[in-house]
Each structure stands twice: as C-alpha cells, then as structure tokens.
Amino acid sequence: MTRWLVTGASGMLGTDLVAALTSLGEPVTGMDRAGLDVTDAASVTDVIARHRPDVVVNCAAWTAVDDAEAAEEQALAVNAGGAASLAAGCAAAGARMVQVSTDYVFAGDADRPYAEGDVPAPRTAYGRTKLAGERAVLGRLPGSGYVVRTAWLYGAHGPNFVRTMIRLENQRPAVDVVDDQHGQPTWTADVASRIIALIHSAALPGIYHATSTGQTTWFGLARETFGLLGADPARVRPIPSSELTREAPRPTYSVLGHAAWARLAVPPIGDWRHGIHRAFPELLAAYRAAAAAADHRPDNEPGAPAALRRLPR
Ligand SMILES: NC(=O)c1ccc[n+]([C@@H]2O[C@H](COP(=O)([O-])OP(=O)(O)OC[C@H]3O[C@@H](n4cnc5c(N)ncnc54)[C@H](OP(=O)(O)O)[C@@H]3O)[C@@H](O)[C@H]2O)c1
C-alpha cells in the first residue's frame with residue numbers, strides 16, 4: 001500500500017486530496033501549514049524522515065497572484081524553496097513526489113492548447129516562482145518527480161470564482177464578468193483523482209496537465225453557475241479585461257493540452273461543463289454551511305456591540 005504525505009492539506013486542493021485518499025483507505029498524512037511550514041528546510045527533512053512516505057504531494061503554495069508582484073521573494077521561498085526542500089527530502093528517502101503547478105508558467109497568449117513540453121514564459125511573479133518550483137523538483141528527482149499543472153480551480157473548501165458567483169447571485173441584480181480570458185474550469189476533486197491515478201499507474205516521471213477538457217471564459221463560467229442556481233443567466237453581463245485593473249496581468253489564453261495522459265491508461269478529466277454539474281451540489285452545500293455559520297456567529301448579530309463585530313475571523 002502506498003503511504004502518502006500531503007502538504008498544504010487544509011487548502012482547497014489539499015483538503016479534497018486527503019479526503020479522496022482517506023475514502024480509498026490509503027494511508028495518508030495531511031500536513032497543514034501549522035504542521036509543516038515548507039519554507040522550514042529542517043522541518044521538511046525531519047517530517048519526511050519520520051513519516052517515510054512513498055509519495056509526497058506538495059499542495060502548499062503561495063497562491064495570492066496579485067500580492068506576489070510586490071512580494072516575489074516571499075512567494076519564491078514557498079513556491080520554489082519549499083518545493084526544493086521537499087524534493088531533497090524525497091531524494092534522500094527514495095520517495096516519489098508530485099509538485100502541483102499552474103498554467104501561469106506559460107505566457108497565456110497562445111492560440112492552441114499548451115502542450116506539456118511547450119517552453120514556459122511566465123509573465124507574473126507568481127508564474128515565475130511556480131516555474132522555479134517545477135524546475136527544482138524535476139531537477140532533483142529526474143526519475144521520480146512529477147509536475148501536475150492545473151488551472152481555474154474551484155472546490156468546496158476554499159475561496160474560488162464559482163463560490164463568489166454563488167454569493168453575488170444572492171446579493172446583486174446583475175454582475176459584470178470578463179469575457180476575453182479563456183480557460184478550463186476544473187474541480188479540485190477531479191485533480192485529486194488524477195494525481196492518485198497517476199501514482200497508481202506506471203506513469204513515467206515528468207509533466208502532466210490536470211484540467212478539464214473544453215474551454216470557456218469567466219463570463220461563460222458565471223453564466224453556467226447562475227443557470228445551476230436557477231437564476232437568469234442574462235443577469236451576467238460580459239466586460240473586457242481592460243475594465244479591471246490588477247497588479248498581475250491575467251493570461252488571455254490558459255488552455256492546456258492533455259497528450260501525456262494518452263500514454264497512460266488514465267482518461268483525462270472530462271468536459272468542464274460536466275465537471276461543474278457534478279460538483280455543484282457539494283459546492284452549494286459548502287457555501288450554505290459557511291453562510292449559515294457566519295450568520296450564527298455572535299459577532300455577526302445585528303445587535304452585537306461594535307467592538308465584538310470588529311473582531312477578526
Ligand atoms: N486555485 C487555482 O485556481 C489554482 C490554479 C492553478 C494552480 N493551482 C495550484 O494548485 C495548488 C493548490 O492550490 P489551492 O487552490 O488549493 O490553494 P490554497 O487553497 O491557497 O492552498 C494552499 C495551501 O498552502 C498553504 N501554505 C501557504 N504557505 C505555506 C507554507 N509556507 N508552508 C505550508 N503550507 C503553506 C496555505 O496555508 P494558509 O491557508 O495557512 O496560507 C494553504 O492551505 C497550488 O500549487 C497552486 O499553485 C491553483
């Protein structure tokens with residue numbers, strides 16, 4: 001039986017990966033940031049030596065894309081330094097490693113899906129730090145390192161675009177959403193299952209793309225979400241990206257190709273629309289549970305003293 005160690009285990013993807021492994025009866029140790037800060041090289045060495053995993057999946061990351069522009073060194077410490085320490089620990093322990101990465105390693109201006117072997121050209125600090133993480137892992141683990149790139153994630157256990165649309169549908173008569181960025185909305189549970197399948201198959205080390213097939217824009221995803229809520233999709237209005245200013249430029253084309261899966265007996269994740277239809281009951285239940293919990297916190301009560309309402313959560 002494969003022993004797994006998952007870092008970033010309380011993040012959106014890490015939570016679903018640990019849950020999927022647990023439901024399969026696989027021995028898994030999930031480490032959140034409090035349990036293992038990946039920037040602490042000595043702790044990384046110690047944890048891998050103590051748990052002796054067969055596979056380490058690194059879901060820990062600095063994921064604040066805009067904040068990374070002004071804090072590239074800190075982002076690099078997590079996204080590259082952390083990955084490098086984990087890879088060194090895996091090399092010493094004879095473990096395999098999966099480094100989760102991103103479409104942001106590419107320039108995002110192509111007119112055909114990016115292949116696994118295409119030359120990266122990140123245009124953001126976040127993308128540069130994630131690319132450095134990929135290289136750190138593949139360089140240290142040439143025979144046992146995997147990079148799984150994903151993109152446009154949504155899931156039940158973290159903030160994401162679909163959750164935001166569920167909230168805004170409830171709060172606003174109409175929402176404006178960009179319609180000139182193209183990508184593949186992808187459910188974290190689908191990425192988790194592909195990571196597990198990758199390790200269970202006799203996959204060669206290297207780069208794999210774990211995103212849904214098909215493509216849409218954020219506008220298309222917002223409309224689909226409104227439709228799933230039983231709301232009128234016409235309440236979502238298209239706008240160009242030029243109407244939004246962000247610290248980090250957003251890729252206009254983030255579609256990834258899936259040719260590497262064809263060499264395995266593992267089908268790629270299916271169509272993005274099918275994915276969100278399967279995920280939606282869980283996403284909605286998680287949103288409602290979080291909203292209900294927030295409503296019942298004393299500091300949210302309308303009559304609560306101002307000082308109490310200001311308490312950070
Ligand atoms: N979300 C997307 O759309 C997307 C797209 C492409 C690729 N990815 C990649 O997918 C992976 C998972 O992303 P996600 O969406 O699950 O992100 P997430 O919800 O932000 O999870 C990342 C986790 O990493 C933890 N972390 C941050 N710094 C750490 C450190 N120094 N040591 C240990 N843990 C640390 C965070 O803990 P705290 O909460 O305590 O900070 C958080 O639990 C990442 O590699 C990301 O780059 C995500």
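Rule-based calculations on the coordinates, nothing more; no lab input. Quick caveat, the model's predicted, so the values are computed rather than measured. A quick note on method: Cβ atoms are made from the backbone with ideal geometry, for glycine too, and the neighbour counts reach across all protein chains shown.
To the nearest 20 debye, what charge dipole does segment 1-137 have about its Cα centre, counting +1 at the Cβ of each Lys and Arg and -1 at the Cβ of each Asp and Glu?
Rounded to the nearest 20 debye, it is 520 debye.
Multiplying the sequence separation of ASP111 and ILE239 by 0.36 nm and subtracting their Cα-Cα distance, what value in nm do you get?
Between ASP111 and ILE239, full extension yields 44.0 nm more.
Among 266-274, 209-217, how do they line up from the highest to the lowest mean number of other beta-carbon atoms within 10 Å?
Ranked from most to least packed, the peptides come out as 209-217, 266-274.
Suppose every K and R has +1 on its Cβ and every D and E has -1 on its Cβ; what is the size of the dipole of segment 51-197 about the Cα centre, in Debye to the nearest 20?
So the magnitude is around 640 debye.
So, with +1 on the Cβ of K and R and -1 on the Cβ of D and E, and no other charges, what is the size of the charge dipole of the chain about its Cα centre, to the nearest 20 debye?
The dipole of the chain has a size of about 460 debye.
In Å, what Rg and Dmax follow from the Cα atoms of the chain?
19.8, 62
Return the long-range amide H neighbours of ARG237 (sequence gap of 5 or more, or a different chain), with a cut-off of under 5 Å between placed amide H atoms.
Placed amide hydrogens put VAL175, ASP176, VAL177 under 5 Å from ARG237.
Can you tell me the length gained on complete extension of the stretch PHE161 to HIS274, counting 0.36 nm per residue apart and subtracting the Cα distance?
That pair, PHE161 and HIS274, stretches by 39.0 nm at full extension.
Can you give the calculated 222 nm mean residue ellipticity of the chain, where each DSSP H run of n ≥ 4 adds -39,500 (n - 2.57) and the sum is split over every residue, rounded to the nearest 500 deg cm²/dmol?
Rounded to the nearest 500, it is -12000 deg cm²/dmol.
If I stretch the segment between ALA291 and ALA197 completely, what's the gain in nm (0.36 nm per residue apart, minus their alpha carbon distance), one decimal?
30.4 nm
Over the chain, what is the percentage of antiparallel beta bridges among all DSSP beta bridges, to the nearest 5?
5
If you line up the long axis of helix 188-200 against the longest principal axis of the chain, both from Cα atoms, how many degrees apart are they, to the nearest 10?
Helix 188-200 sits roughly 10 degrees off the main axis of the chain.
For the Cα atoms of the chain, what angle does the longest principal axis make with the long axis of helix 161-171, in degrees from 0 to 90, nearest 10?
10
Which peptide among 131-138, 4-11 comes first, and what is the full order, when sorted by highest mean count of other Cβ atoms within 10 Å?
Final packing ranking: 4-11, 131-138.
Roughly how tilted is helix 41-51, in degrees to the nearest 10 and between 0 and 90, from the longest Cα axis of the chain?
Taking Cα atoms only, the helix is inclined about 80 degrees.
Classify segment 1-55: rounded, prolate or oblate, from the alpha-carbon gyration tensor (a ≥ b ≥ c, eigenvalue square roots; a/c under 1.5 rounded; otherwise prolate if a/b is larger than b/c)?
Verdict is oblate for segment 1-55.
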